[in-house]
Each structure stands twice: as C-alpha cells, then as structure tokens.
Amino acid sequence: MKRADRVFTIMLGLALASSAILLALLLTLVPRVEQLVGRGAEDTADVVAAGVLLLAVCGISLGLLTLLRQLVATAVLIRKLVAQKIALPPSVVTAATGLDLHGRIDVVFDERPFSFCYWFLRPRICLSTALVERLDSDELRAVLYHERYHLRQRDPLRQIVARYFAAGLYVVPVVDELLSFHTLQKEIEADQEAVRASGDVRSLASALYKLLPDADDVSLGLLVPVSSLSVTEARIEQLVVGRPLPIALSPVSVVLSGGALVAAAVLVAVKGGASVVFETLPPLYAVPGLLVGPASLLFAAAIDGGLHQLRPLTQRLFAQT
Amino acid sequence: MSRPDLRRLRRPEKAEEKFLGPLETEVMARLWKRRSATVRDIVEDLARTRELAYTTVMTIMVRLHEKGLLERTREGKTYVYRPSHTRDEHRARLSRDLVRGLVAEFGDAALAAFSAELDTVDATHRAALRRLAQKDTRETR
C-alpha cells in the first residue's frame, strides 16, 4: 500500500470512529434539548447540552455545505469545459498513444496553461490549449502520466469524500491536516509515477518549469503548504532529493482532536449529566470535571477546526478581489 | 485528424478581458520604450508602420488610463501619459490575475491539478527545477 493510501485509510478510520462517538453524543443530548425547549434551562447540564448540540448542527451543516459546494463547482466546471471543448490536437493524440486513455481526455480552449483530473466514478483528464501549445511531446506525455495516476486512483472521488469528513468533523482538526498531507502526497506520487513511466525526471521537471507563473509571489494556497514549503516547492524538492516527506501534524491539532474525542466520550458516558453515576457524585466535582471541562475542550477544538475550515474561504475571497 | 486553428476559435469572454488588444499592446510597448508620451507622440510613432487616426489612439490611451495601466498629468492643454508599471511588473500582475481567475473558476472541482500554475515557488526552487529540466538524460539513467 502506498503512503498516500495509508494516510487515506487512517484518515477514513479516524473519521468514521469520530463520527460514531459524536453521533452517540448527539443522540444522547437530543432528548435533553427537547426537554430544554419545553421547560427552559434549569441547570448547567442543560446549557452544556444546548451548546454541544449547536456544535453538532454546525458540523453537519459544514459537511453538507462542503459536499454541495464541491458538486456544484464540478457541475459548473463541466458546463464550462463542454462549452470550450475542441477536437484533440494531433500532439495530444500522439502523446497519449499507448497510455490507455482513449476517450478520457478533453482539450479545452483556454489562454491559461493547466491540466487536471475531474469527475468521480469515471474520471477524465482536462488539458488547456495553452498547456498543449507550451509543452513539447515528451513533456505532454509526462503530464499525461501524472494525470493518469490521479485518474486510475479516482483521486477526485477520494478528495470529495475526505473534504466532506474534514469539514463535518471540524471539532477533530487533525482530520483536516491529514487531508492536506494526503493531497500533497498524492501529487508527489503522481509525479513519481510520471518519472518512472517516462524513464527520467527531465520531461516532468521541464513541464513543471514551463508552467511556473511569471511572478515569484503568487501565493493562493489552493493546495495546502507543508511547513514553510508550498506544494510546488515540496514537489520540486521531492524531484530533486527524493526524500519522503514527514507528516507534519500540528501538536495543537493532535491534542485538541484527542481531547475533543475523549471529551465527547465522557459526555456520552455521563449521558450529558443525566446518568445515575453523575447524579451520585458531588456537583462540585461532577459539574466541572464531567460536564463543563469536556464541553470546553470540545469548544476549543471547534474554534481551532472552524478557523482551519474558514481558511480556504478567505483565500477564495482574496482570489476574487 | 487535422490540427484545429486555435486562433480562429472564439475566445471565452472572460479570458479576452484579461488580455490587451493588439492595438493596446502596441501603444503600451511604445510607452514602455519612451517612458512618457502625448497622444500626438504615439500617433507619430505608430505612423511609421501604420496610419491611425488621432482620435483612435486617444480613445485607446484613455481606455488604458481607465484600466489603470497608464497614468497621466496635464501639461498645458495636453495630457502626458506614463505607464503605471514596468513591463515586468505588468507581466507579473497578469500572471497573478490569471492564476486568481483559475482558482475562482475551478476552485474545488479541479481537485487533482497539475498545479504549478497555482503556487508560490521561490528563486531557489525555480533554479533547482531549471537544472533538473536541463539535466542531460544520460546522467539520470
């Protein structure tokens, strides 16, 4: 199993386990909130239940919104691509010979050089005319090898699933960090596949070099930087040095994620303050230790994860201004 | 399969807006060379290769001023125009605008992009990539 696949499996496992704990918490708290709506807040446990439920509603909304946004963006993209699609230029036909990509490549008229893989169950590769004109045959073939890797791995589908979980589980911010690492690792593995299939690194390096923007300071962070390197810089380092990238998870996110899950488990165990055990303990210990403390941890993780989720939105707003 | 004539295809409206027209490009090229000029100067300059009406050139220069590409100061009865940015700065801005447009348009959907166009790359990494791109293929085998 490749490294990106391992990270994806860990991320998915963590996401499913977290979802199960948080769903159990939600089911525990719903009856309490129903009572709260009927009779108003009577004690701290009522307030905690309402607060946690609010976090859950935000998570569910964020997840669904992310899913919807990605589906709409894909539909809009496909409509645009169809409108600008042209017949495959002979250079693309030649470069794609023997790559088993028949009927899976689209060339669209666009002044900007780009290529990407899109659609979910049966992905396709899109190349712009500017890219086709800028690259020679070997470089074009290297790009096609790179994209073929994404196509065969159904990376667009993996990404949409991973983004849905990362947004919905914003109280477990480490999921979002694993997604970032997975995205970068996928690019690196696609590059490695292109180098392996091309027989040397030159064609891919040359293609990448020809596509660099003229400006040194273009930074939009569409993909997520790892430590101080941008994604492209990390890819270049990988091509030059070939050292595997370390997984750079922020200790704050790891601690907050672990804390949030333990907190959620504690809240489930004491049924949000309605369990017999909770009621037999002295309120001086039980309320801060088993109710307010865990809820505060959940809120702290939610703030950190919420800021993570807002980052692409602010970047997109910045990109449009 | 015959090669499609890309120039004859209709450009998407948005992409068209991102570039200067041929006449605008010519006027900008002359202004970058001269650093400052009046409409009359440019008309005379252009007259060596093509004949254009004074009002045509004036309209183009006013449009370039409105786009923020030219600054102008009044000297007597005429305006003197200067480029707002050097040619390199203009190229860098254009590149940035293209990238921003790409992100705004494709955003989430272009999930697995060959994303060099979309990223920061410092001088050291550019140089390393150039060396790698120019590497003799015999060395890599």
Cross-chain or 6+ apart pairs with Cβ under 6 Å, region A:168-181 first and closer than 9 Å to A:Ser18 by Cβ, then in a helix (DSSP H, G or I) and of a type in the set (Phe, Trp, Tyr): A:Val175/A:Phe165
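Table: residues versus (1) part of a helix (DSSP H, G or I); (2) touching a Cys at 6+ places or on another chain (Cβ under 6 Å); (3) buried (at least 19 other Cβ atoms within 10 Å of the Cβ).
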| position | (1), (2), (3) |
| --- | --- |
| A:Arg6 | yes, no, no |
| A:Ile10 | yes, no, no |
| A:Val30 | yes, no, no |
| A:Ala49 | yes, no, yes |
| A:Leu54 | yes, no, no |
| A:Cys58 | yes, no, no |
| A:Thr74 | yes, no, yes |
| A:Ile78 | yes, no, no |
| A:Leu99 | no, no, no |
Spans of helices (runs of 4 or more DSSP H) in region A:121-179 with at least 2 residues of a type in the set (Gly, Ala, Ser), more than 9 Å from chain B (Cβ to nearest Cβ) and within 15 Å of the chain's Cα centre (by Cα): A:155-168
Long-range neighbours under 6 Å by Cβ, at least six apart or interchain, first residue more than 14 Å from A:Cys126 (Cβ to Cβ) within region A:67-87, second at pLDDT 75 or above and among the β-branched types (Val, Ile, Thr): A:Gln70/A:Ile160
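The values are calculated or read from the model by the stated rules, or taken from the named source; none is laboratory data. All values derive from a computational prediction rather than experimental measurement. Every residue, glycine as well, gets a Cβ built from its backbone with ideal geometry; the counts of neighbours run over all protein chains shown.
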